[in-house]
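Nothing in this text is a laboratory measurement; each read-out follows from the coordinates by a stated rule. If you're wondering where the values come from, they're calculated on a predicted model, not measured in any experiment. Please note: Cβ atoms are built from the backbone with ideal geometry, for glycine as well, and neighbour counts cover all protein chains shown.
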2 protein chains.
Amino acid sequence: MAGQRTRRRIPEATVARLPEYLKILADQAEAGVDRISSDGLAELAGVNAAKVRKDLSYLGSYGTRGVGYEVAYLVYQIRRELGLDHDWPVVIVGAGNLGQALAGYGGFGERGFPVGGIVDLDPAKIDTVVGGQRVRHLDDLPAIVQSRQVAIGVIATPSASAQSAADHLVRAGVTSILNFAPVVLAVPPGVTVRKVDLAVELQILSYHEQRRATNGLRAVPADGARGATA
Amino acid sequence: MAGQRTRRRIPEATVARLPEYLKILADQAEAGVDRISSDGLAELAGVNAAKVRKDLSYLGSYGTRGVGYEVAYLVYQIRRELGLDHDWPVVIVGAGNLGQALAGYGGFGERGFPVGGIVDLDPAKIDTVVGGQRVRHLDDLPAIVQSRQVAIGVIATPSASAQSAADHLVRAGVTSILNFAPVVLAVPPGVTVRKVDLAVELQILSYHEQRRATNGLRAVPADGARGATA
DNA sequence: CATTGTGAAGCGTTTCACAGCC
DNA sequence: GGCTGTGAAACGCTTCACAATG
């Protein structure tokens, strides 16, 4: 029951939804619910039930026909699949507005990603304290990554410094990067980058607004990779 | 050449990439480049050339065979398609860490989304100034939305208040919402919601890290909706 | 003759529909 | 009887490959 060596490959689209399910299931567990059906979970996640069942089936057959899924067990399995059975300390590069907000936002630590360090280049920022962390110099990055076993770096620098930040992270040994700068990063093979561009999100909304204004006015758009129209 | 009444429907996946192209093209224009091929643009955007051509073909036939695309004209067309021929003021609900960072981050205004207002419930925050904006009371939301013609709201509140924030935004007349709270929002039909959950992004990275650790170690994962492995 | 624009093939994701099982 | 698990159909997106063309 525990630990197949080579796990099934889970489709990316499913991987992107598992955290959502996990959040909902953890909330349900806390609220004292201990069984849930694919219908119930689908409702809470804003997706359809067949999708929930398909998604969960990639983890294994953890439900009971005629009954549903045991919440606690699903939580355990999803955690395991996502690699959340231990914490992943992250290091934040850039202690400006966004870096400070990220460091100060408790939600990261709560969900398994404690801030293991925050670095910057600006002497005015170094040694200030944000989110309970002393800001350190970029040069300390390798030491921080080594000592805290950091695998994930977060880039919260201005665009112009983002590529350099990525280079530093990679050299320090980080293998996954969450990039908030609106720049396409070049990284060596084997390093995973995800990009979150807030302006892009707004521009996608703008597209739909504009469509509503010019055309039918009741043309409710379908949800994209991450959007929803309920 | 200008203003077909009912535009082609553009696939969501393409809509999500147009802002990226736009950014790159605007940068190129500024750098004095005035022609670009699908290959060149693809390179800069980190995608393949066929995709660029297909994407651009949804806008119309704006290239020249054997030559390429005129940068300035493409910029103009993408802007128009995304509804970026005018600004979209946004209103931010929640003046905590994230709300302050968003308000203080100049990038929004620069890219066509000036902060038209920021509201909160906490008396300690009201009348403080963040990002050049005086924080106002949630009750002022309808007035702000009306006077500034705000169509897009940004939710930067704690999870517990997010649904209420959405309700206030919708009642005030906002029709698009960018939600940073890790909660599924219920909104009436005709309102578009996009969700950005930072912890979800990290969990997706964690999945790939974990896979690398358990399995092959050289199983470079394909890019998901928004990730990349270069 | 380099490069676009695009049918058609390939592939991944979603949804359907129902057999299997508690 | 109710709900899961899953083949198969349907759909949308990506990539190929090449005819069209300035």
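The sole residue among B:ARG65, B:ARG9, B:ARG53 that is within 11 Å of DNA strand D (Cβ to nearest atom), touching a helix residue (DSSP H, G or I) at 6+ places or on another chain (Cβ under 6 Å) and among the basic types (Lys, Arg) is B:ARG53.
Within the stretch A:80-97, the set of residues being at the interface with another protein chain (Cβ under 7 Å from one of its Cβ atoms) and more than 26 Å from A:LEU18 (Cβ to Cβ) comprises just one member, A:ASN97. Close Cβ contacts (under 8 Å, 6 or more residues apart or on different chains) running from residues in the stretch A:134-148 that are within 17 Å of A:GLN100 (Cβ to Cβ) and free of Cβ contacts under 8 Å to residues at least 40 places away in the same chain to residues that are of a type in the set (A, V, I, L, M, F, W, C) and not in a helix (DSSP H, G or I) comprise A:ARG136/A:ILE118; A:ARG136/A:VAL119; A:ARG136/A:ILE126; A:HIS137/A:VAL119; A:HIS137/A:LEU121; A:HIS137/A:ILE126. Condition check for A:GLY116 on (1) surrounded by fewer than 23 Cβ atoms within 10 Å (Cβ to Cβ); (2) in contact with a strand residue (DSSP E or B) (Cβ under 7 Å, 6 or more places away or on another chain); (3) of a type in the set (Gly, Ala, Ser); (4) within 11 Å of another protein chain (Cβ to nearest Cβ): one failure, at (4). Is there a residue being under 23 Å from A:GLU110 (Cα atoms) and either surrounded by 19 or more Cβ atoms within 10 Å (Cβ to Cβ) or among the hydroxyl-bearing types (Ser, Thr, Tyr) (or both) anywhere in the stretch A:57-64? No, every residue in the stretch A:57-64 fails to be under 23 Å from A:GLU110 (Cα atoms) and either surrounded by 19 or more Cβ atoms within 10 Å (Cβ to Cβ) or among the hydroxyl-bearing types (Ser, Thr, Tyr) (or both). A residue that is closer than 17 Å to B:LEU202 by Cα, β-branched (Val, Ile, Thr) and within 13 Å of chain B (Cβ to nearest Cβ) occurs somewhere in the stretch A:144-153.
Touching a Pro at 6+ places or on another chain (Cβ under 8 Å), surrounded by fewer than 16 Cβ atoms within 10 Å (Cβ to Cβ) and not in a loop (DSSP other than H, G, I, E, B), is that true of B:ARG134? Here the answer is no, as B:ARG134 does not meet what is asked. Just the residues that are among the aliphatic types (A, V, I, L, M) and either surrounded by 24 or more Cβ atoms within 10 Å (Cβ to Cβ) or within 18 Å of B:ALA181 (Cβ to Cβ) (or both), please, taken from the stretch B:83-113. Passing the criteria: B:VAL90, B:VAL91, B:ILE92, B:VAL93, B:ALA95, B:LEU98, B:ALA101, B:LEU102, B:ALA103.
For the stretch B:23-42, state whether one or more residues are within 11 Å of DNA strand D (Cβ to nearest atom) and not small (Gly, Ala, Ser).
At the first step, the residues of the stretch B:23-42 found to be within 11 Å of DNA strand D (Cβ to nearest atom) are B:38, B:42.
So of that shortlist, the ones also not small (Gly, Ala, Ser) come out as none.
Scanning the stretch B:23-42, I find no residue that is within 11 Å of DNA strand D (Cβ to nearest atom) and not small (Gly, Ala, Ser), so the answer is no.
Within the stretch A:32-44, the only residue that satisfies the criterion of being within 12 Å of chain B (Cβ to nearest Cβ) and within 11 Å of DNA strand C (Cβ to nearest atom) is A:ALA42. Scanning the stretch A:25-39 for residues that are within 12 Å of A:GLY68 (Cα to Cα) and crowded, with 18+ Cβ neighbours inside 10 Å yields A:ILE36, A:SER38. Candidates B:ARG9, B:ARG17: the one that is surrounded by fewer than 16 Cβ atoms within 10 Å (Cβ to Cβ) and within 11 Å of chain A (Cβ to nearest Cβ) is B:ARG9. Of all residues in the stretch B:65-107, those being within 16 Å of DNA strand C (Cβ to nearest atom) and in contact with a Lys or Arg (Cβ under 9 Å, 6 or more places away or on another chain) number 6.
Looking at the stretch A:34-128, what strands (runs of 3 or more DSSP E) fall wholly within it and have at least 3 residues that are under 23 Å from the mean Cα position of the chain (by Cα)? Before you say what the answer is, go through the steps one by one.
Numbers: elements: A:68-70, A:90-93, A:115-120.
Fully inside the stretch A:34-128 and qualifying: A:90-93, A:115-120.
Please list, ordered by first then second residue, the pairs with beta carbon atoms under 8 Å, 6 or more apart or interchain, first in the stretch B:53-71 and away from chain A (no Cβ under 14 Å) and touching a residue at least 12 places away in the same chain (Cβ under 8 Å), second more than 6 Å from DNA strand C (Cβ to nearest atom) and acidic (Asp, Glu). Once the first residue is away from chain A (no Cβ under 14 Å) and touching a residue at least 12 places away in the same chain (Cβ under 8 Å) and sits in the stretch B:53-71, its partners that are more than 6 Å from DNA strand C (Cβ to nearest atom) and acidic (Asp, Glu) give B:TYR62/B:GLU70; B:GLU70/B:ASP34; B:VAL71/B:ASP34.
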